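Written below as structure tokens is the structure these notes are about.
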Amino acid sequence: MHSVRQRGLAIALALLAVALIGAATTQHELYRYLFADRLAFALTIAVVMLACSLLTWLTTFDRGRSLATIRMDWFVPALKKLQPHQSPSHSLVGRWLRKLVPARLQSNHATKKRGLFRKVLRSLGISWLASPVRRVVQGVTLVVFLVLFFFVCWPYSAQPAAPGKVSLGWASEAVDQQSGEFVLSRDLPATNTESDWSVTSGDTVAVVDESTSEGTSNSSGSRAVGTFIVVQGDPLQVRLAPRQEITSQWLDSFLGGTSSYSLHQRDPTEWPQHYADNLARKEIIPAETFLILDPLVSLSTAIASRSWVWSLVSAAAILFVCVLIPRGFCGYLCPLGTTIDLFDWAIAGRTKKLRVAEDGWWVHIKYYLLAGTLVAAICGVLVSGFFSAIPVITRAMLFLVEPLQHGLTRGWRLNPSVGIGHVVSILMFASVLCLGFLRPRFWCKYVCPSGAVFSLGNLFRLTERKVESSCIHCNKCVEICPFDAIKPDFTTRTTDCTMCQSCGGVCPTHAIKFVERWNIVELKIKDDPPTKETALGRRGFLSLAAGSTAAAVGGIGLAGVTKVGGANLADPNAFRPVRPPGSVPEKDFLEICIRCGECFKVCPNNVLQPEGFQQGLEGLWTPMVEANWAGCDSSCNACGQVCPTGAIRALPIEEKKVARMGLAIVNESTCLPFAGLQACDLCVQECNAAGYRAIEFSQVGTEIDSDGLPIEGTGYLAPVVLDDLCVGCGLCQTRCFAINVKEERLISESAIIVKAGDDREDRLNSGSYIELRRVERSNLTPVETVVTPTIDSTDDPFGINSSSSNTGDHPGF
């Protein structure tokens with residue numbers, strides 16, 4: 001009768017899960033409203049329900065064990081001597097495994113002789129023998145974390161797209177009035193080489209006008225007219241159908257027959273997208289997966305910014321999963337916990353001289369730290385990045401291991417210098433590991449505020465660890481428990497238990513089971529032996545009151561100190577770092593940025609580097625553009641794609657290209673042409689090569705004769721920045737610093753520097769940067785502009801040695 005009810009419950013749960021999936025994915029207006037932006041969470045609930053259904057169904061096949069509705073035993077039971085009529089495997093899965101695994105690999109329960117399987121696991125350690133599933137999942141999860149960080153977030157495997165073939169020497173012939181097709185012809189046939197492409201019908205081509213200024217400029221000065229379909233193609237004549245609207249200016253030029261055209265397999269004015277495409281190709285799962293699963297990251301960010309943070313959905317999803325597997329993230333998935341396990345095994349566990357007692361004032365630190373973090377967030381200061389588990393391990397990998405990867409693969413000289421922020425982070429991570437000398441996994445047990453969130457989530461658990469009356473008080477479960485989750489009477493501290501099931505694997509009487517929360521079958525007597533613990537915990541009411549008060553005062557005090565010595569946004573002369581493209585306004589940025597370091601890792605050439613204490617504690621580890629080191633690549637939008645909180649918006653590459661990070665400002669007192677020292681066009685070359693064309697030339701220093709006429713050959717062309725085209729990428733500053741400062745030592749600092757500020761940058765919480773640029777340009781009043789001469793970046797019009805311009809010992813080259 002019991003099994004019939006169980007199977008009915010399993011079927012009901014499965015049907016509810018299917019209905020939920022259908023409701024979440026339907027197009028019905030009501031359900032779209034209910035599940036808008038919540039599909040992932042709805043699917044998580046459905047998956048948990050399906051898992052409960054499956055576990056309930058499988059539990060009905062148990063033999064020789066006390067009744068349970070859901071049994072979640074995946075540990076390897078201790079080898080126990082059995083009678084011939086007794087089965088060593090109770091579950092359906094266990095019985096199947098015993099049939100499939102060769103007998104020589106299995107243990108002999110009659111003689112208690114270990115089989116090969118148990119021998120191998122025991123050689124790895126007692127915890128591997130007790131709970132191999134947990135250890136395997138931990139290992140796989142750590143590998144996934146490392147792959148996401150060191151492979152998916154490694155941008156240097158990207159290669160620029162090939163330029164494509166070109167067909168040269170075409171001239172306008174006619175426009176077909178009926179079809180609207182354009183006819184081009186030429187005198188010489190195609191040579192079918194890479195430099196002279198023979199187009200055929202059906203090809204898509206980009207037409208480039210080589211002799212007019214109409215169209216969109218590329219780095220070589222040629223102009224793209226538009227994209228066409230080849231309707232008919234032969235070596236001397238082609239007919240083209242436009243794929244987009246053709247401007248009246250170019251149509252007049254075409255009909256005038258004065259232009260020379262080339263046909264390109266790819267639009268040469270198109271921005272390269274190799275970094276953006278490379279990240280998208282490698283991101284089978286999001287690179288920031290672990291960060292968005294850390295609930296403290298999302299929760300504190302939402303509180304500090306008083307806004308909805310998209311990763312809250314993922315945090316809610318993992319918390320809901322932990323309803324089925326209480327605090328399972330800590331026991332199975334957290335890469336920091338696994339790293340601490342490895343450190344304890346290799347180093348900290350070798351000595352016990354510094355060990356502290358199990359029962360001390362420190363046992364509830366994680367709750368007080370969580371409370372202090374949330375109080376600080378309520379005051380508008382985000383400090384969870386200092387203590388949350390995943391930001392801690394991510395920064396550690398960034399500052400400790402990433403320089404090794406960078407140095408070994410690209411060269412040690414390309415590693416940025418170590419700053420105070422690096423040192424502080426490394427010392428904090430070392431402290432986390434060294435806590436293991438006090439007790440194994442001390443951080444996870446007593447300190448981690450992310451773990452405290454999951455511990456509170458355990459209050460809503462569906463399953464838990466239970467101990468049956470066959471317990472013989474051997475204490476083996478207490479000794480192996482990695483989370484101090486077992487009381488002196490061998491029952492469970494439910495808020496600390498992670499369902500790692502190591503205790504179940506060492507219990508000699510098989511008295512431990514992992515079942516539904518309401519299971520009370522054959523349980524041992526509580527408080528035997530006496531635990532002397534109260535409902536308020538091991539330190540009682542006074543400890544709770546003192547700790548809570550300290551947490552509140554500490555959170556408020558930390559928020560106050562951070563604000564007093566912080567960014568000081570009201571002062572126009574205060575330090576203003578250049579932030580990544582797509583960053584939200586500075587006040588919101590400081591409240592949302594979790595300081596995880598993911599954007600640093602994914603940034604090509606280390607353009608983004610961690611801020612030190614220029615903005616006090618408030619700005620520590622936040623990303624800023626270091627343009628003296630490198631400039632922001634026009635083909636990369638990776639930083640926004642991996643940001644877990646939206647401090648850097650995930651912009652499409654087209655939006656990122658026009659998002660202003662700052663404004664390049666020329667220092668006329670040090671700029672070589674302005675100072676009359678020598679000609680220089682480094683910043684113009686770099687800006688044109690990137691496709692921005694935001695720097696023009698103005699004639700300066702021209703000498704005049706006695707008649708007041710300019711003397712030919714005197715003066716220099718000096719750079720002038722066009723404010724409406726400059727996006728503050730810093731490429732110009734990088735080039736000037738690398739050549740004129742670092743290599744040639746002509747000036748002491750870059751003569752063109754990108755600066756941020758309210759009137760120099762775009763910092764939008766939402767909306768389109770493209771639309772912002774369009775509105776700005778539509779409101780411009782026509783003014784006289786300086787004529788920019790056409791410059792081929794392959795030439796050297798000022799007599800500057802080209803070899804010296806391209807040998808900089810710098811990542812920008």
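The values are calculated or read from the model by the stated rules, or taken from the named source; none is laboratory data. Being a predicted model, the structure only gives us computed values, none of them experimental. Every residue, glycine among them, receives a Cβ derived from its backbone with ideal geometry; neighbour counts consider all protein chains shown. The accessibility values were calculated without ligands, DNA or RNA, using every heavy atom of the protein model including side chains. Shrake-Rupley method; radii C 1.70, N 1.55, O 1.52, S 1.80 Å.
List of remarks:
- Taken over segment 280-289, residues that are at pLDDT 90 or above and part of a helix (DSSP H, G or I) amount to 2.
So that you can scan it fast, the table gives a plain yes or no per residue for (1) out of contact with any Pro (no Cβ under 6 Å at 6 or more places or on another chain); (2) in contact (Cβ under 8 Å) with a residue 60 or more places away in the chain; (3) surrounded by fewer than 22 Cβ atoms within 10 Å (Cβ to Cβ); (4) not in a helix (DSSP H, G or I):
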| position | (1), (2), (3), (4) |
| --- | --- |
| Leu263 | yes, yes, no, yes |
| Leu291 | no, yes, no, no |
| Leu342 | yes, no, yes, no |
| Ala357 | yes, no, yes, yes |
| Trp362 | yes, yes, yes, no |
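- Within segment 446-479, the residues that satisfy the criterion of being assigned to a helix (DSSP H, G or I) and either open to solvent by 30 Å² or more (accessible area, probe 1.4 Å) or without any contact (Cβ under 8 Å) to a residue 60 or more places away in the chain (or both) are Leu456, Leu459, Phe460, Lys476, Cys477, Val478, Glu479.
- Pairs with Cβ under 7 Å, 6+ apart, first in segment 307-330 and in a helix (DSSP H, G or I), second among the hydroxyl-bearing types (Ser, Thr, Tyr) and open to solvent by 10 Å² or more (accessible area, probe 1.4 Å): Ala317/Thr44; Phe320/Thr44; Val321/Thr44
- Selection over segment 167-220 of residues that are under 42 Å from the mean Cα position of the chain (by Cα), at pLDDT below 60 and in a strand (DSSP E or B) gives a count of 2.
- Pick from segment 676-699, criterion out of contact with any Leu (no Cβ under 7 Å at 6 or more places or on another chain) and open to solvent by 40 Å² or more (accessible area, probe 1.4 Å), ranking: nearest to Glu744 (Cα to Cα): Leu677
- Any hit, segment 330-351, residues being charged (D, E, K, R) and at pLDDT below 90: yes
- Within segment 28-130, helices (runs of 4 or more DSSP H) holding 1 or more residues that are modelled with pLDDT under 80: 29-34, 39-59
- Filter pass, Leu146 being in contact with a Ser or Thr (Cβ under 6 Å, 6 or more places away or on another chain), touching a residue at least 12 places away in the same chain (Cβ under 8 Å) and farther than 30 Å from Thr204 by Cβ: no
- Of all residues in segment 256-266, those satisfying the criterion of being modelled with pLDDT of 75 or more and over 20 Å from Asp203 (Cα atoms) are Ser259, Ser260.
- Segment 13-32 residues that are within 20 Å of Leu462 (Cα to Cα) and open to solvent by 50 Å² or more (accessible area, probe 1.4 Å), paired with ones that are small (Gly, Ala, Ser) and modelled with pLDDT of 70 or more (beta carbon under 9 Å, 6 or more apart): Leu15/Ser53; Leu16/Ala46; Leu16/Ser53
- Segment 71-92 residues that are farther than 13 Å from Phe61 by Cα, paired with ones that are open to solvent by 50 Å² or more (accessible area, probe 1.4 Å) (beta carbon under 6 Å, 6 or more apart): Trp74/Val133; Pro77/His510; Leu79/Lys112; Lys81/Lys112
- Residues in segment 364-384 that are within 26 Å of the chain's Cα centre (by Cα) and open to solvent by 50 Å² or more (accessible area, probe 1.4 Å): Ile378 alone.
- Breaking point among (1) among the polar types (S, T, N, Q); (2) closer than 23 Å to Arg5 by Cα; (3) exposed (fewer than 15 other Cβ atoms within 10 Å of the Cβ), for Asn108: (2)
- Filter pass, Arg71 being touching a Gly at 6+ places or on another chain (Cβ under 8 Å) and of a type in the set (Lys, Arg): no
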